[in-house]
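Working notes for the structure below.
The values are calculated or read from the model by the stated rules, or taken from the named source; none is laboratory data. Keep in mind the model is a prediction, meaning the values are calculated, not measured. Neighbour counts run over all protein chains shown; Cβ positions are idealised from the backbone, glycine included.
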Amino acid sequence: MPEISFNEALAMTVGSILPLPAEDVPIGKLTGRVAASPVASLIDTPSVDISLKDGYAVISSDIAGASPACPVQLRLTGSRMAGSSEIIRVVPGTTVRIMSGAAIPDGADAVVAEEFTACDNGTVSVSAPSARGRNILEKGTDAAIGDLLVEKGSRLSPSQIGLLAAAGHEKIPVYRSPRVGIVATGDEVVAVGRKIRDGMVFASNLVTIASWCSIYGMSSKQRVVNDSATAIRRAISDVLRTADCLITSGGAWKGERDRVVQILDDMGWEKTFHRVRMGPGKAIGFGHLASKPVFCLPGGPPSNQMAFLQLALPGLLKLGGHTICGLPVAHAIITEAVQGQKDWTQFIYGSLRQTRDGLEFRPLKLSSRLQFMARADAIVMIAEGCEKLEKGSRVPVQLVSRC
């Protein structure tokens, strides 16, 4: 199977994955979930006209000429608190004490703020006018019955969830969050917490992938297996029984023990691609097994994480119903020129710094692989066909430390 471009691989990945079925989720557990259908308001909110201020409900024409030099005197006939339901009416020459959030009494068409009033023995002196509708929030202003509040595919924020609650929703349908199976392979790979010997490494790739999944609300089941074909096959079958998607880490290249793709071939997966013109991460493979997406990531940490972020993560987000399938993006000025390759899409890690002129992206120099990755705030993509981004260029950057 020939190498393909990064853009082809991304399009094939996102285009071949469908969102998981919807489920109804209670309002208190919706943060970060994706709406599976449009959601409209069930009620008017507020349900009646309410006061925006503590003050006095009035008839605006009664106090049209009020001023500090010539205050208007009104007779106080009662008070209304938020939530109270007693019948009370304002008639010409009278006023009702009102609290913020309380329903506007019949007859009143404005609220004068408390700081423009003085009350003495049942008489209220008003020293400023208050036009019709002043300090009143009308019925249905926040949401009216039938108003569209959330569009299908929206990733729900706390503010949106609060609006849904105010609009009468106890739960709404959202796409099910993917359950991700992660299998790390290698005779030298040891699960975190186990005893390690010389020449062995902890399964840090597995932990990194699981942590990224967690950021996006995806659960994961993790396995570490040796390079035995039997062990790998068994792990893949076991994980896919309950997972919606499989990610393998290691064994994706051409070495004697890099056998994951061959094992998947033997298991009858539908291979979409294997090897992409991108760096790091070239050895990534993608396909479907038992109608579930499978990503085969290379084992080197920089290649592993980059392949995950650029291709596997967009696929997982599509599986979870997201319409924006990728890392968040900002724009920054590059502090030094970076080289690309004409026949290759190159990804560069860097740090970000806010300056008076805007956000700056400083490319990181590769030293320790893991510390290098851990220091990164963002990634710049140099597209295939572009050999260089000049110093001072303003370019899109993918954010990896502000997700």
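Against the conditions (1) closer than 18 Å to Gly133 by Cβ; (2) of a type in the set (S, T, N, Q); (3) part of a strand (DSSP E or B), where does Ser61 fall short? Just the number, please.
(3)
Yes or no, residue by residue, for (1) at pLDDT 95 or above; (2) in contact with a Cys (Cβ under 9 Å, 6 or more places away or on another chain):
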position: Gln310; (1), (2): yes, no
position: Leu316; (1), (2): yes, yes
position: Gly320; (1), (2): yes, no
position: Ala332; (1), (2): yes, no
position: Gly340; (1), (2): no, yes
position: Ile348; (1), (2): no, no
position: Lys365; (1), (2): no, no
position: Ile379; (1), (2): yes, no
position: Gly385; (1), (2): no, no
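If you go through the stretch 98-127 one residue at a time, how many are surrounded by fewer than 21 Cβ atoms within 10 Å (Cβ to Cβ) and more than 47 Å from the chain's Cα centre (by Cα)? Can you show your working first?
Keep residues of the stretch 98-127 that are surrounded by fewer than 21 Cβ atoms within 10 Å (Cβ to Cβ), which gives 99-101, 106-107, 109, 113-116, 118-123, 125, 127.
Next cut, more than 47 Å from the chain's Cα centre (by Cα) only: 118-123, 125, 127.
The total comes to 8.
Provide a single number: the residues in the stretch 341-371 that are over 30 Å from Ile17 (Cα atoms) and either in contact with a Leu (Cβ under 9 Å, 6 or more places away or on another chain) or assigned by TED's automatic domain parsing to the domain that holds Asn304 (or both).
Adding up the residues that qualify gives 8.
Listed here are the residues, each with its yes/no results for (1) out of contact with any strand residue (DSSP E or B) (no Cβ under 9 Å at 6 or more places or on another chain); (2) touching a residue at least 40 places away in the same chain (Cβ under 8 Å); (3) not assigned by TED's automatic domain parsing to the domain that holds Leu289.
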{"position": "Gly168", "(1), (2), (3)": "no, yes, yes"}
{"position": "Asn226", "(1), (2), (3)": "no, yes, no"}
{"position": "Thr230", "(1), (2), (3)": "yes, no, no"}
{"position": "Gly250", "(1), (2), (3)": "no, yes, no"}
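Consider only pairs whose beta carbons are under 7 Å apart and that are at least six residues apart or on different chains; among these, list those whose first residue lies in the stretch 310-339 and is under 13 Å from Met12 (Cα atoms) and whose second residue is modelled with pLDDT of 95 or more and polar (S, T, N, Q).
So the pair list comes out as Leu311/Thr13; Pro314/Thr13; Gly315/Thr13.
When you go through Lys195, Lys152 one by one, which is the residue that is outside the structural domain of Gly107 (by TED's automatic domain parsing) and at pLDDT below 95?
Numbers: Lys152 fails: at pLDDT below 95.
Every option except Lys195 fails the conditions.
Of everything in the stretch 51-61, what is buried (at least 21 other Cβ atoms within 10 Å of the Cβ) and either touching a Gly at 6+ places or on another chain (Cβ under 8 Å) or polar (S, T, N, Q) (or both)? Give them in sequence order. First the steps, then the outcome.
Going through the stretch 51-61, the residues buried (at least 21 other Cβ atoms within 10 Å of the Cβ) turn out to be 51, 55-58.
The answer is Ser51, and nothing else.
Test of understanding: among Ala82, Ala57, Ala69, which residue is farther than 30 Å from Leu313 by Cα, touching a strand residue (DSSP E or B) at 6+ places or on another chain (Cβ under 6 Å) and not polar (S, T, N, Q)?
On the way: Ala82 fails: touching a strand residue (DSSP E or B) at 6+ places or on another chain (Cβ under 6 Å); Ala69 fails: touching a strand residue (DSSP E or B) at 6+ places or on another chain (Cβ under 6 Å).
The conditions single out Ala57.
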